[in-house]
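No lab work stands behind these numbers, since they all come straight from the coordinates. Computed from a predicted structure; not experimentally measured. Cβ placement follows ideal geometry from the backbone for every residue including glycine, while neighbour counts extend to all protein chains displayed.
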Amino acid sequence: MQTSDTLAVRVRGLRKRYGSARAGYKDAVAGLDLDVSPGEIVAVLGPNGAGKTTTVEILEGFRDRDDGDVRVLGEDPRQAGRAWRARIGVVMQDSRDMNELTVLEKVRSTAASYPDPRDPAEVIAAVGLAEKARARTRGLSGGQRRRLDVALGIVGRPELLFLDEPTTGFDPQARRSFWDLVTSLRDSGTTILLTTHYLDEAAQLADRVVVVRDGVVVASGTPDTLGGPEARTPVVAWDDGGVRRTERTERPTDVVARLIAAAGPDREVPGLSITRPTLEDVYLSLIGESSTTDTTDTTDGAGIDDSSRKAA
Ligand SMILES: Nc1ncnc2c1ncn2[C@@H]1O[C@H](COP(=O)(O)OP(=O)(O)OP(=O)(O)O)[C@@H](O)[C@H]1O
């Protein structure tokens, strides 16, 4: 078993409440547990207001907590000093101040505050900003600012990198090259904790996905297994005299054979489809939203096992 000394992040019973007696209180984080192993990429998913950013900011040492035990690289962020901060990299949701400095100047000046920084020009190239190296930061587009944020987050050669919705505003090509960058950081040993609203990003990058809802973790697993096997059971759907029928089954071929046998002389089953729930389907069911394959049992007996929707 990994302990707080060997885990990159270990969180137990984290709580954070906002508000006042007058305005009322809001439990943004309500007893959250989280482990991140060294070298792992963990993606934290959850709807708006689930408590992701609050949690990440507490781990980064930028926000105080009300309760719970937090260890990041073996230290409590509340008390950790400069040496600890040099070991972590942070890409926050909001871009840092952009001004008269050029991209290269900004990355260089940030690099100068770390003991063993990466080469600023290489980092700028890695985030796809080489052509903008001599441009003033205030003139960058939204997506370019985000890339600069990432450059500033990794130039210190962090052991642990926090990425809070890093690709918001990226075009599809920039997102793909960012994924390559994150993968290469992981390959060089960097541990990464990422929040994202993009399910494809989580599926592409994460070794493990953690779903947060109402300030607690409701599910955790690899992108392929999140929600448990039942949540991934294929769904056969067809039209039956104007009614949409569905059946969740590990043997979709058998169901289709039965439907064909029962079909009329032309052996055609109207509207037949077989789908295996995706990460997005499972995620939506975990947070209480419906999706196209999150179907209700409309058959008479064979029945969909609905327990997967309560897999949290
Ligand atoms: N500084 C603050 N003061 C008061 N309430 C806050 C503050 N920051 C966050 N909250 C509230 O705490 C809850 C959790 O917010 P948080 O930003 O952590 O969620 P999130 O999961 O990161 O959401 P998003 O996906 O929208 O970024 C929300 O209800 C939010 O309104």
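Beta bridges assigned by DSSP with both partners in region 9-221 are antiparallel in approximately 55 percent of cases.
Each residue in 253, 102 was given a count of other beta-carbon atoms within 10 angstrom of its own, and listing them fewest first yields 253, 102. Contact order for region 9-221, expressed relative to its length and based on alpha carbon pairs under 8 Å spaced 6+ residues apart, stands at 30 percent. Fewest neighbouring Cβ atoms within 10 Å first, the residues 52, 26, 106 line up as 26, 106, 52.
Listed from fewest to most Cβ neighbours within 10 Å, the set 188, 273 follows the order 188, 273. Non-local lysine pairs in region 9-221, meaning eight or more places apart or on different chains, with alpha-carbon distances under 21 Å, amount to 4.
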